[in-house]
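These notes are about the structure you will find just below.
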Amino acid sequence: MTTADPAVSWSAGADPLTAALRAEVARRLAASGAAPSGQERAERVHGFVQAVLDEHAQRELADGRHPLAPPKEEAIARAIADSLIGMGGLQPLLDDETITNIFINGSRVWVTRTDGRKEELPPVAGSSEELVALVRDIAARAGTDERRFDRGVPKVSVRLPDGSRLFATMLSREPSVSIRRHTLLQTSLQQLAHDKGVLPPGMISLFSAMVKARKNIIICGGTNSGKTTFLRALAREIPPQERLVTIEDTDELALDQDPDHPDCIALQAREANIEGEGAIDQAELVRWGLRMAPDRVILGEARGGEVIPLLNAMSQGNDGSLATIHTSSSRQAFARLQTYAAQAAERLPFEATAPLIAGAVHFVVHLDWAGDRRRVVSSVREVLHHEGADVISNELFKPGPDRRAVPAAPLRSGTLDELLDAGFRPELIGGW
């Protein structure tokens, strides 16, 4: 895709003429019969846009005025189409492949780019009211159950067609919108290594062997460190005939839409409705998922009480399961899991959770930001056993001077043999 100029789209969208022409296109779309979706809707909209613009040009000529210049007409056509089949003023930002995240604080728009830069761009709406209306329209067209967005229900979470996740709230002085881009829905370890520099090529066979040897892996790191993308890359190593159940608070993994995983069920947590009923949390979904006879359970992000059924699943026959968790180091993953277990309904103390973790988790992979603002694998731990309330592990790879992982300790001989049988080639990793 080409990089669009958001200022051009917004200036066209704010023009009174564009608003009038859009209203006419919307009227014709509504009068054309049953509300279409997808490609049919797009074809109708583009047809109506062209017809309305042609009629406008004919009226201008009949009245002795010049018709719109081609660049202006093209900008108006794009703005109308974006508003009816795209994401309005957000569409140019979503079309820009160099943008990784979008943050809107009322009239101020901030983006982060693939090279780590952060910059401010022009507004995507003319007022707070227009921004709220845009979010409502996006939620309605996304087919989500959470269509309300007002003072009574002041937040909405929507998965956009490209896989990005939009979250909006109006609890601050102005409405706030955050969009996390997921541009690597079909990523692989090879792509992360060779194109993105997340890991050295020599480590590809290590992570591939971990998955194929059915090792349970916790992926950890800070916000926006690439945990979900790395999980997707690991999942690409799972044989296609295996049955997967993914569990998420918000739908981001999209493994059920990956042709490499034809037998995949995606379960998503649900919040209570406005009457306070119907809530289903991730802990309950893990229990539901285990009744579906999965080969592996994949948890998008551990945040609370779901860690107990997840760890039980990992140690009771669902080997090869994956999960992510927010931490600032690989060692902290154990304390975070224990804290979540202590906060769960079971109220497990650290002394009870340590053996559960040691018996369930095989490896912990930590992602971080290198000095050159690249997301990188920074640490890899092999879980050994537990002593009291402590989980004992070996840090196989530790953060180097630039936060990239460097060899630190050898694998246990038994684990090494299992990974060798699964295709691991240690000779590809220098210094290990």
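The values are calculated or read from the model by the stated rules, or taken from the named source; none is laboratory data. The model shown is predicted, which means the values in this text are computed figures rather than measured ones. Here Cβ is always computed from backbone atoms with ideal geometry, including for glycine, and neighbour counts include all displayed protein chains.
Go through the residues of region 303-319 one by one and say whether even a single one is closer than 15 Å to residue 220 by Cα, buried (at least 23 other Cβ atoms within 10 Å of the Cβ) and modelled with pLDDT of 90 or more. There is at least one residue in region 303-319 that is closer than 15 Å to residue 220 by Cα, buried (at least 23 other Cβ atoms within 10 Å of the Cβ) and modelled with pLDDT of 90 or more. Residue 110 meets all of the listed conditions (1) more than 30 Å from residue 407 (Cα to Cα); (2) in contact (Cβ under 8 Å) with a residue 24 or more places away in the chain but one, namely (2).
Just a yes or no: is a residue in region 226-248 more than 28 Å from residue 114 (Cα to Cα) and part of a strand (DSSP E or B)? Yes, region 226-248 contains at least one residue that is more than 28 Å from residue 114 (Cα to Cα) and part of a strand (DSSP E or B). Checking each residue in region 213-248 for being crowded, with 19+ Cβ neighbours inside 10 Å, of a type in the set (Lys, Arg) and out of contact with any Ser or Thr (no Cβ under 7 Å at 6 or more places or on another chain) picks out only 215. Scanning region 260-278 for residues that are assigned to a loop (DSSP other than H, G, I, E, B), over 12 Å from residue 299 (Cα atoms) and modelled with pLDDT of 80 or more yields 260, 261, 262, 263.
Residues that are modelled with pLDDT under 80 and exposed (fewer than 12 other Cβ atoms within 10 Å of the Cβ) do not occur anywhere in region 7-30. Figure legend. Inter-residue proximity from region 68-95: first residues acidic (Asp, Glu), second residues buried (at least 22 other Cβ atoms within 10 Å of the Cβ), beta-carbon distance below 7 Å, spacing 6+ or different chains. Indicated pairs: 82/9; 82/88. Note on region 128-176: among residues that are among the polar types (S, T, N, Q) and either modelled with pLDDT under 85 or within 20 Å of the chain's Cα centre (by Cα) (or both), the one that is surrounded by the most Cβ atoms within 10 Å (Cβ to Cβ) is 164.
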